[in-house]
Every structure is written in structure tokens, then in C-alpha cells.
């Protein structure tokens, strides 16, 4: 069980998403070269990191693994459509593996998911609005 939890944390977590997500967003974007969604992805990721760092500085325990993975699912859902909601199964797997390995508690994993959804989605849409109105 512990080995399966380790696999869940290592395979489903952020170092898999970081190189693959920009490629997926660019590939599926409706604009030429995908710069709109790719820029929105970058802003969403940086905003999520900044807010997570603030929470961490104030002593709140929030799981960064679940923050990045849930933010990535939000971006994929906005880019590719509702089929990407199946990615929430991956988020659940990351949460389970962090708790099973006793690296995080349930509230820390859940807080990371909520932070990724809120801040990642907000960053994505704010960037998309700026790109649309800048034309």
C-alpha cells in the first residue's frame, strides 16, 4: 500500500504536469500557436505559487502537490472542455497518496485543492480577459 501511495505522489504530482501541461494546452488551443491559453497557464501557475507562498509564510499547512494538480485540471478543463473533469480522479489519487504516506493531513490536501481551483481558475480567466480586450 505504501509503495502504491508513493507512486501516486510521484507520478501524479507536479513534476509530471509541469512539462506536459504547456504542450497539451498549446496543442489544443483554438488560437494560432496557442499563446493565449499558454500565457493564461503561466499567469495561473505564478499566481497560485504566490498565494500558496503567502499561506505558507503565515503558517497554514497547504499541500503544494494538490494545489498544482487541481490548478492544472482547471486549466485543462477550460482549454479542452468538460471531458477533462475526469482529471479530478487524478487529483483524488494525489490527495490519497499524500495522506496515506502521512506527508499531509486531509485538511491540508483539501485546502490545496481549493486553492488550486480558485486561484488557478482566477488567474486563467483574468489573463484571457486581458488578452481578448487587448486586441
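Against the test of being in a helix (DSSP H, G or I), modelled with pLDDT of 80 or more, surrounded by fewer than 21 Cβ atoms within 10 Å (Cβ to Cβ) and out of contact with any strand residue (DSSP E or B) (no Cβ under 8 Å at 6 or more places or on another chain), the options 5, 50, 24, 42 yield a single qualifying residue, 50. For residue 118, the requirement of being free of Cβ contacts under 8 Å to residues at least 40 places away in the same chain, more than 13 Å from residue 40 (Cβ to Cβ), part of a helix (DSSP H, G or I) and out of contact with any strand residue (DSSP E or B) (no Cβ under 7 Å at 6 or more places or on another chain) is met. Just one of (1) modelled with pLDDT under 90; (2) surrounded by fewer than 20 Cβ atoms within 10 Å (Cβ to Cβ) fails for residue 114. It is (1).
One residue is enough: does the range 122-134 have a residue meeting the conditions at negative phi and not in a helix (DSSP H, G or I)? Within the range 122-134, one or more residues are at negative phi and not in a helix (DSSP H, G or I).
Taken over the range 54-70, residues that are modelled with pLDDT of 85 or more, part of a helix (DSSP H, G or I) and out of contact with any helix residue (DSSP H, G or I) (no Cβ under 6 Å at 6 or more places or on another chain) amount to 3.
Pairs are defined by a Cβ separation below 9 Å, a sequence spacing of at least 6 or placement on different chains, a first member in the range 68-94 that is in contact (Cβ under 8 Å) with a residue 60 or more places away in the chain, and a second member that is outside any helix (DSSP H, G or I) and crowded, with 16+ Cβ neighbours inside 10 Å; the pairs so defined are 94/13; 94/63.
The values are calculated or read from the model by the stated rules, or taken from the named source; none is laboratory data. Bear in mind the structure is a predicted one, so any value in this text is a computation, not a measurement. With ideal geometry, Cβ positions are generated from the backbone for all residues, glycine too; neighbour counts draw on all protein chains shown.
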